[in-house]
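Have a look at the structure below, then the notes.
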Amino acid sequence: MQNIEHSYIDVIYRVLESWYMRFAELTPKLIVGILVFLFFLITSKYLSIGAVKLFHKFFPKSQKEGSLVTLIGVFRFLIMMMGSFIALEIMGFSGFLWKFIGSLGVAGVIAGVALKDLVSSIFSGMLIGIDKAFKVGDYITIGNHSGTVQEIGFLTTKLITDDGKKAYIPNQVIFNAPFYNITASPQRKIILNFEIPADEDITKAQKGMLEVIKNLDSVDRLDTSEVIFTDLKQGNFNLQAKFWMKVGANMVQLKSEAYLKIKQRLDADNIQLVTPTSISITNGESFPPEHQDK
């Protein structure tokens, strides 16, 4: 019996001795690893600022767009991740870490597929914040949606449309498709399209519409205002009126006033109007038909 108890004690002693030896061997690595992690933790702020300055040196435009705080946060996170991996490598835990990450591979694939759109929207929101293509209060056009930006979130950008509705646009849609920032331009150009039967006096209609436009109070750069023929389909002429709006003018009121007065002028000249096909707002010289409000 005593021999059995003595053998148990010997086994326990050898196990404890083995643990002690391993701990003694590991202690210097633990200390060095902790010191390395603390070094990255303390200096990450200054290293990230230096990295951002170097980034701005190679990409001067990013400095003008005011993305300093966001960039510092991104670089600081990357530096901390690098410091953590170096510390784990020194302490000898990197093998366990990679095995653990590998064991999550299948779950990661499943989660990646299931959360693909969610993750894409989050990263797109971060990139939108860094790029500063638009900000809260800007009037923008995204696909078939136009409105004032109310909030830029991680997942969606919220717009208040012209009719007062709140539209939620996924950030990945914004990042992967062209959009227009109307507010970014100090002036806006308005285009109104009208259809008039070909048997009407088209020249008279063109002259009358141009006179109406030039007499509007909120129209700027009168010498560039024009009314042109764009198409002839099924016996109807398409007339397009283009004019610039003054800075600070009310876009909705100007569109309403222009349409009403042109309609009154055409009625006074006994010219029949088929139907207004579209009204669009743009801030450039080219006017893609797919971005006209119908």
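The values are calculated or read from the model by the stated rules, or taken from the named source; none is laboratory data. Please read these numbers as outputs of a predicted model, since none were measured by experiment. Cβ placement follows ideal geometry from the backbone for every residue including glycine, while neighbour counts extend to all protein chains displayed.
Filtering region 233-244 to residues that are at pLDDT below 90, touching a strand residue (DSSP E or B) at 6+ places or on another chain (Cβ under 9 Å) and either of a type in the set (G, A, S) or loosely packed, with under 12 Cβ neighbours inside 10 Å (or both) leaves K233, G235.
Taking the numbered list (1) surrounded by 14 or more Cβ atoms within 10 Å (Cβ to Cβ); (2) touching a helix residue (DSSP H, G or I) at 6+ places or on another chain (Cβ under 6 Å); (3) closer than 21 Å to E257 by Cβ in turn, E195 passes all entries but (2). Q253 falls short of the stated requirement of being within 18 Å of K204 (Cα to Cα), in contact (Cβ under 8 Å) with a residue 12 or more places away in the chain and not aromatic (F, W, Y). Here region 186-204 is the region considered, the condition is being within 20 Å of W244 (Cα to Cα) and aliphatic (A, V, I, L, M), and the residue that is farthest from the chain's Cα centre (by Cα) is L192.
Selection of first residues in region 67-78 that are in the same structural domain as G50 (by TED's automatic domain parsing) and of second residues that are modelled with pLDDT of 75 or more and polar (S, T, N, Q), restricted to Cβ pairs under 6 Å at least 6 apart or on distinct chains, gives the following pairs, ordered by first then second residue: I72/S48; F75/S48; R76/S44; R76/S48. Listed by first and then second residue, the pairs with beta-carbon distance under 9 Å, at least 6 apart or on different chains, first residue in region 25-49 and in the same structural domain as A87 (by TED's automatic domain parsing), second of a type in the set (D, E, K, R) and assigned to a helix (DSSP H, G or I), are G33/E89; S44/R76; K45/R76; L47/R76; S48/R76; I49/R76. Scanning region 208-252 for residues that are part of a loop (DSSP other than H, G, I, E, B), within 34 Å of the chain's Cα centre (by Cα) and among the charged types (D, E, K, R) returns R221, K246.
Based on what the data block shows, is I152 under 25 Å from G73 (Cα atoms) and surrounded by 15 or more Cβ atoms within 10 Å (Cβ to Cβ)?
Answer is yes for this residue.
Within region 174-199, count every residue that is farther than 27 Å from N250 by Cβ and at pLDDT 90 or above.
Of the residues in region 174-199, 2 are farther than 27 Å from N250 by Cβ and at pLDDT 90 or above.
Tell me whether region 81-93 contains one or more residues that are modelled with pLDDT of 75 or more, within 19 Å of the chain's Cα centre (by Cα), surrounded by 12 or more Cβ atoms within 10 Å (Cβ to Cβ) and not in a strand (DSSP E or B). There is no residue in region 81-93 that is modelled with pLDDT of 75 or more, within 19 Å of the chain's Cα centre (by Cα), surrounded by 12 or more Cβ atoms within 10 Å (Cβ to Cβ) and not in a strand (DSSP E or B).
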